[in-house]
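Colleague: Structure incoming, see below.
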Amino acid sequence: MLLSKGSVFRLQADGRKRVYQVEIGAVLWKFPAALQDQRGDLEKRGCISSLGERGPWIAERLIGMHEFSNEMDTDGKASMVEAAVRNTTVQTGGEVDKDLHQQILQGTRVWTSDGADLDVGLAFAGGRHFSSLVCHAWDESHGAGRLLANAMKHDAEIEAVDRLLVTVKGFSDLQHL
């Protein structure tokens, strides 16, 4: 329901090991009357956020989380994003809502990811399904963490935090700090 009321969409993806997660965000200029009673619950759960007393609203939803069956390359990631968008438009009877699917494809303006997935957004910009994609935003915090770790390579605390936060290893190493 929320996606069908969206006018502009954002896609975002990130991977961990061999699992790729895809999220969609939509701008709603008018809040759906049918969901007005659930608005407070949607806000508490982080599904929507209001940019003002009377909107607009940003709706966010995880639409896919899949393990890579093939290569983790740009084409594989782009295919997973496209499949997640298509699957999120499937109706109760199993058919794709073609109007909603086209609305999302044509209304997607922004691709966000970490630096590792920047090429996926660039692949879409070449006219691959998301023909209106005009903005690529990426979170360079992964790269910044790596830069800091390399700049201070032999600092025990930085190495321990890096192992814990980036590679999720070495929790026991933090005990001596």
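The values are calculated or read from the model by the stated rules, or taken from the named source; none is laboratory data. Being a predicted model, the structure only gives us computed values, none of them experimental. Because the Cβ atoms are built from the backbone with ideal geometry, glycine has one as well, and the counts that use them run over all protein chains shown.
Colleague: Has the stretch 61-82 got at least one residue that is within 18 Å of residue 28 (Cβ to Cβ), in contact with a strand residue (DSSP E or B) (Cβ under 7 Å, 6 or more places away or on another chain), surrounded by fewer than 17 Cβ atoms within 10 Å (Cβ to Cβ) and not aromatic (Phe, Trp, Tyr)?
Modeller: Checked the stretch 61-82: at least one residue is within 18 Å of residue 28 (Cβ to Cβ), in contact with a strand residue (DSSP E or B) (Cβ under 7 Å, 6 or more places away or on another chain), surrounded by fewer than 17 Cβ atoms within 10 Å (Cβ to Cβ) and not aromatic (Phe, Trp, Tyr).
Colleague: In the stretch 1-34, what residues are surrounded by fewer than 17 Cβ atoms within 10 Å (Cβ to Cβ), of a type in the set (A, V, I, L, M, F, W, C) and modelled with pLDDT of 85 or more?
Modeller: Residues satisfying the conditions are 8, 29, 33, 34.
Colleague: Moving on to the next point. Kindly provide the set of residues from the stretch 79-122 that are of a type in the set (Gly, Ala, Ser) and touching a residue at least 12 places away in the same chain (Cβ under 8 Å), ordered by number.
Modeller: 83, 84, 107, 113, 115, 116, 121
Colleague: Would you pick out the residues in the stretch 62-78 that are among the hydrophobic types (A, V, I, L, M, F, W, C) and either touching a residue at least 60 places away in the same chain (Cβ under 8 Å) or in contact with a helix residue (DSSP H, G or I) (Cβ under 8 Å, 6 or more places away or on another chain) (or both)?
Modeller: 63, 68, 78
Colleague: On the basis of being at pLDDT 70 or above, of a type in the set (Phe, Trp, Tyr), assigned by TED's automatic domain parsing to the domain that holds residue 88 and assigned to a loop (DSSP other than H, G, I, E, B), does residue 130 make the cut?
Modeller: It is true that residue 130 is at pLDDT 70 or above, of a type in the set (Phe, Trp, Tyr), assigned by TED's automatic domain parsing to the domain that holds residue 88 and assigned to a loop (DSSP other than H, G, I, E, B).
Colleague: Looking at (1) in contact with a His (Cβ under 8 Å, 6 or more places away or on another chain); (2) aromatic (Phe, Trp, Tyr); (3) closer than 22 Å to residue 134 by Cα, find the lone condition where residue 20 falls short.
Modeller: If we test residue 20 against (1) in contact with a His (Cβ under 8 Å, 6 or more places away or on another chain); (2) aromatic (Phe, Trp, Tyr); (3) closer than 22 Å to residue 134 by Cα, just (3) comes out false.
Colleague: Could you check, for the stretch 47-61, whether at least one of its residues is in a helix (DSSP H, G or I), farther than 17 Å from residue 130 by Cβ, without any contact (Cβ under 8 Å) to a residue 40 or more places away in the chain and not small (Gly, Ala, Ser)?
Modeller: Filtering the stretch 47-61 for residues in a helix (DSSP H, G or I) gives none.
No, the conditions are met nowhere in the stretch 47-61.
Colleague: Inspect all residues belonging to the stretch 112-127 and state whether any of them is crowded, with 16+ Cβ neighbours inside 10 Å, more than 18 Å from the chain's Cα centre (by Cα) and assigned to a helix (DSSP H, G or I).
Modeller: Within the stretch 112-127, not a single residue is crowded, with 16+ Cβ neighbours inside 10 Å, more than 18 Å from the chain's Cα centre (by Cα) and assigned to a helix (DSSP H, G or I).
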